[in-house]
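First comes the structure, then the notes that go with it.
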Amino acid sequence: MILARVAGAVVSTVRADRIQGSSYYIVEPAGSAGDPVGSGIVALDLVGAAPDELVIVSQGSSARQTDSTKDKPIDAVIVGIVDIVEEDGKVVFRK
């Protein structure tokens, strides 16, 4: 899993994933304080994330282990919204 920041929405009316009512976002990998550290990817949102939130993203075969994504062509899934990140006993990110 990685930390990522929601950078924007992806709208697609025709999709092969057969997942009803789902949203896709561009997420950019982020450091523990929420700073961007890589290029963006498209991830399916399962938790109701919003733009600019720090989220937890699962990728690869792990992304296909949820009830919604089992046996679907999904490579990245937003599985959590981050409230606090603590590192070495110090809070480095707070929502």
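Every read-out reported here was derived from the displayed coordinates using simple, explicitly stated rules and does not represent laboratory data. Keep in mind the model is a prediction, meaning the values are calculated, not measured. Backbone-built Cβ (ideal geometry, glycine too); neighbour counts: all protein chains shown.
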(message) For the range 15-52, give me the residue count where each residue is in contact with a strand residue (DSSP E or B) (Cβ under 8 Å, 6 or more places away or on another chain), loosely packed, with under 12 Cβ neighbours inside 10 Å and farther than 19 Å from V82 by Cα.
(response) 1
(request) Could you check A63 against (1) touching a Ser or Thr at 6+ places or on another chain (Cβ under 8 Å); (2) of a type outside the set (S, T, N, Q); (3) under 24 Å from R94 (Cα atoms) and say which number it fails? (result) (3)
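Rundown of residues vs (1) surrounded by fewer than 16 Cβ atoms within 10 Å (Cβ to Cβ); (2) more than 13 Å from the chain's Cα centre (by Cα); (3) not acidic (D, E), yes/no style:
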residue: T13; (1), (2), (3): yes, yes, yes
residue: L54; (1), (2), (3): no, no, yes
residue: I84; (1), (2), (3): yes, yes, yes
residue: E87; (1), (2), (3): yes, yes, no
